[in-house]
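Undergrad: Just dropping this structure here.
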Amino acid sequence: MPRTYRFIVGTAEVSIRLDRYLVQRLPRTLSRAAIQRDIHDGHVTVGGRPARASQRLKAGEEVIATIDELGAKARDRNLLPEPIPLDIVYEDEQVLVVNKPPGLVVHPAPGHWSGTLVNAVLWHFKVGSRKSEVGSKNTSPFGLPPSPLARAGIVHRLDKDTSGLLIVAKTELAHRHLSRQLKVRTLSRTYLALVKGHVPFEQGTIDAAIGRHTVHRKQMT
């Protein structure tokens, strides 16, 4: 669960780089590299505006950082490429669209540090880069060399037991634009679900609370 931190820059902290300032202020479980990625992804503002990691701070400025510590820990682990098959639906120079099967975890997390979609994408990029180095023209199923961007490339996620299309950004530019589209809801997603029993209406809205199961903690009810 992301947590928001708010700080006011003191007079003794003037001219310190933003990333170094946050390293001193945020929990020590967060590395400087993880903080820099969060700054780059727009999760940190200074004076209400997007900031740069190298930005020098001024006295009295408000720094707001929304950080997912668990996600940062996962990104900082030594993620290894794994030869997990990918069902690639589309690929170009900017994006990769994968049809995720049920049972495959998207992001590394406690209990699933390997065997994830991220590990599979890392392998796809690694193999493509290797073929590119030896001069092969067919470096991917679509004839394009995969990008080395992988950890930050996953734009959105699906639950482990949910199947469907996932977009992987192959460049920082694509990642920023797609993340922005998700945030402002110009990029839409449609889900199909199996319903048990008789549904007496063609359409409607379900407005009910969702919480973690009291016994089976990995289930939401």
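What follows is calculated from the coordinates using simple rules that are stated; it is not laboratory data. Note that the structure is predicted; figures quoted are calculated from it, not measured. Neighbour counts are summed over all protein chains in view; Cβ atoms, including those assigned to glycine, are modelled from backbone coordinates with ideal geometry.
Undergrad: Read phi for every residue in the range 203-214 and hand back ³J(HN,Hα) as whole Hz from Karplus 6.51 cos²θ - 1.76 cosθ + 1.60, θ = phi - 60°, with x for Gly and Pro.
TA: 3J(HN,Hα) across the range 203-214, in whole Hz: 8, x, 10, 9, 10, 8, 6, 10, x, 6, 4, 5.
Undergrad: Which distance in nm do the two modelled labels at H177 and R25 give, with both placed 7 Å along the Cα-to-Cβ direction?
TA: The two pseudo-label positions are separated by 3.2 nm.
Undergrad: Still on this structure, I have one more. Mind sorting W123, W113 by how few other Cβ atoms lie within 10 Å of their own Cβ, fewest first?
TA: So the residues, fewest neighbours to most, are W113, W123.
Undergrad: Listing K160, K100 from the residue with the fewest other Cβ atoms within 10 Å to the one with the most, what is the order?
TA: With the fewest neighbours first, K160, K100 line up as K160, K100.
Undergrad: Just rank L117, L96, L86, fewest to most, by other beta-carbon atoms within 10 angstrom.
TA: Result, fewest neighbours first: L86, L117, L96.
Undergrad: Relative contact order of the range 1-59, please, whole-number percent, based on alpha carbon pairs below 8 angstrom and at least 6 residues apart.
TA: Here the relative contact order equals 48 percent.
Undergrad: Still on this structure, I have one more. Alpha carbon centre of the range 163-196 versus the range 1-42: separation in Å?
TA: Their Cα centres are 28 Å away from one another.
Undergrad: Within the range 109-123, list the residues whose amide N lies under 20 Å from a label point set 7 Å along Cα→Cβ of R3.
TA: Answer for the range 109-123: 109-111.
Undergrad: Working out 0.36 nm times the residue gap between V215 and S114, then minus their Cα-Cα distance, what length gain in nm do you get to one decimal?
TA: So the chain would gain 33.8 nm between V215 and S114.
Undergrad: Here's a follow-up. Taking amide H atoms as placed 1.01 Å from N in the peptide plane, list the residues 5 or more away in sequence, or in a different chain, whose amide H sits under 5 Å from that of I154.
TA: Excluding prolines and chain starts, which carry no amide H, the hits are A169.
Undergrad: Please work out how much length the chain gains when fully extended from L187 to D161, using 0.36 nm per residue of separation minus the C-alpha to C-alpha distance, in nm with one decimal.
TA: 7.1 nm
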